[in-house]
1. Could you please tell me which pairs satisfy a Cβ distance under 9 Å, a separation of 6+ or placement on different chains, a first residue in the stretch 98-118 that is part of a helix (DSSP H, G or I), and a second residue that is surrounded by 13 or more Cβ atoms within 10 Å (Cβ to Cβ) and among the polar types (S, T, N, Q)?
2. Which is modelled with pLDDT under 95, part of a strand (DSSP E or B), out of contact with any Cys (no Cβ under 8 Å at 6 or more places or on another chain) and among the hydroxyl-bearing types (Ser, Thr, Tyr), of SER122, SER144?
3. Given the structure, is MET409 aliphatic (A, V, I, L, M), touching a residue at least 60 places away in the same chain (Cβ under 8 Å) and surrounded by 21 or more Cβ atoms within 10 Å (Cβ to Cβ)?
4. Can you name every one of the strands (runs of 3 or more DSSP E) wholly within the stretch 472-587 that holds 2 or more residues which are at pLDDT 75 or above and farther than 30 Å from HIS438 by Cα?
5. How do the helices (runs of 4 or more DSSP H) wholly within the stretch 354-433 filter down when requiring 2 or more residues that are within 21 Å of the chain's Cα centre (by Cα): which remain?
6. For the stretch 441-468: of the residues being assigned to a helix (DSSP H, G or I) and not hydrophobic (A, V, I, L, M, F, W, C), which is surrounded by the most Cβ atoms within 10 Å (Cβ to Cβ)?
7. So which pairs qualify, if the first residue must be in the stretch 322-347 and more than 19 Å from LEU392 (Cβ to Cβ) and not assigned by TED's automatic domain parsing to the domain that holds SER223, the second must be hydrophobic (A, V, I, L, M, F, W, C) and outside any helix (DSSP H, G or I), the Cβ gap must be under 9 Å, and the two must be at least 6 apart or on different chains?
8. Could you tell me whether THR393 is closer than 14 Å to VAL446 by Cα, hydroxyl-bearing (Ser, Thr, Tyr) and assigned by TED's automatic domain parsing to the domain that holds SER452?
Amino acid sequence: MNGDKDPALGNREALGLLIAGGTATGAGTLISLAAHLGYRLDGRATDTLAINPLVLLVTTAAGRVAWPLTATLALVAELLVLAAVTVLAVRWWKAHRPARTWIDAKAKQLAFGADLAPLTESAVTAKATMLGAAVPEDTVPGLSLGIAVADRQQLWADFETLHIDIWGPRQGKSTSRAVPAVCEAPGPVIVTSNKRDLVDDTRGIREKQGRCWIFDPQAVADSDDPNWWWNPLASVRTEVDAAQLASHFADGDDGQSAKKDAFFDPEGESLLAALFLAAAVAGEPITRVYEWISDPDDLQPVRMLEQRWPLIATGLRAQYELDRRTRSGVFATGRKMAASLRLESIRRWVTSDGPADKRPQLDPAALATSRDTLYMLSLEGAGSCGPLVNALTASVLEAATHIGSKQPMGRLSTPLVCVLDEAANVVRWRDLPKRYSHFGSRGILVLTILQSWSQGVRCWGAEGMEALWSASGVRVVGSGVDDNEFLRRRSDSIGDREQLRGTLTRHSGSVSRSWQLTDKRILTLADLTAIPRGRALIWTAGMRPVLVETVPWMRRPYADAVAASRARYGPTQTLTVTTPPDRAGDRRKDGPR
């Protein structure tokens, strides 16, 4: 920026002399060349012509050397050719140069050149070979990050790195990060979102790799009739499994920041876990749990647990035998947690229709070793299937972790890519920060996308968000973020640079200069707040942050395939606006606007 320049350090005199000298040299060269061309065109000998343009001008002015008309014509031709070449060069440069923004001037004060060696294609390829990752030969074995602004290097993250992105709304995080991550994934993919565009844009590409499973009980992508189903109780084999499933239902709409009652919330979650275990033992559908939790006098779940899980049965019976008022509060709390199970729109997604049901059942373990894609869509508010999205996400990742631990090098041979778009609104898995770093060592690449730091704190708490950030090997901050405390910390982590500042002193007609080294913040809080669209800052372990130009899918090799997918699966209906009857006459009278 202009404010980075110190007027005292400028040397306008030297710059002016340099420009004047260059102009004079160029003009002299053209004159000398024109004179020699003119003499040759006239058939004259050029032995008497000096090559030095200054000598040539002096001798011509003195009349010792003639200046023919052909030399003038040659000079004019040279100027025309020079002008044409200049115009074409300028046009080419404008057409091919990358768009520049004010922040680009800061790029070389951050990481560039050799600093970026761990993020190059050769580095991630070598890492994939070392890890034994099985990927298609024609693909780069990593997730693309963008183009370094300072030196135009293509940057990649290897198959052992986890990601966290914080971008403002409508700033291109889906087009530049989520869609490319799904399209470039070498193996299985799971995706969460609260919008249909990520499904529409990538489904056409992913279905060529394997089956696309779309979990959409709320019809976000118009998936009203499920053509497959999933049993959340299939993975419940122990009391620990049941407790984990109950925890997904217990997390409220506001995540870990929701106010919880010190007695009723833990008791309600414990009740729900016991009922899940009872349903799993008896082979009942998960929807039966809502029937049980709505009838505090039905002791059937206790009897189901007594033989195999006597201690769990004893604890559950104690809850049934609480005084009527307390029991009512515990059951009401559990019923609130399991509210999504009462919805008919959700039932067919998580239960079989019986022996005649020909729909395939999703197997999380099989998906983890396939090339299939699982899309999970959920909206907040009434009718949300968020708890089931949490449970399904956790089920696939847990299965992938278990399978990866038994494969060579303790990791999936073909990495699983997990894109958690709008994570804080869709996936409120309380244990995600604890498990995050473990995923990378098992060949599971998780990309968590948020709109702000505070959004993550609301979901996982302050300590959980810190843990998530620390466990991520790639941390991206895009444009549109308005979170002063978070950005101030980012500014501090970028640090300062030394700047030589000068002082001009004028006294009695003389001018003196003095210099001193000072520290200047590279990117201030105001700078980070104003990051332009199309730019992002990336922090990776062991190196300074790097400024990158983001690359949306429209500028990638598979742009046509994404556009075709969007055209095939995206909304096609045109919105029709109906004019109210009492205003129709006025609009016809006034004409179109």
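1. GLY113/GLN153; LEU116/GLN153; PRO118/THR540
2. SER144
3. It is false that MET409 is aliphatic (A, V, I, L, M), touching a residue at least 60 places away in the same chain (Cβ under 8 Å) and surrounded by 21 or more Cβ atoms within 10 Å (Cβ to Cβ).
4. Counting at least 2 such residues, we get 496-507, 510-521.
5. Fully inside the stretch 354-433 and qualifying: 386-405, 423-426.
6. GLY456
7. From the stretch 322-347, the pairs are THR326/PHE263; SER328/LEU322; GLY329/PHE263; GLY329/LEU322; VAL330/PHE263; VAL330/LEU322.
8. So THR393 passes the test.
The values are calculated or read from the model by the stated rules, or taken from the named source; none is laboratory data. Because the structure is predicted, anything quoted here is derived from the model rather than measured. Every residue, glycine among them, receives a Cβ derived from its backbone with ideal geometry; neighbour counts consider all protein chains shown.
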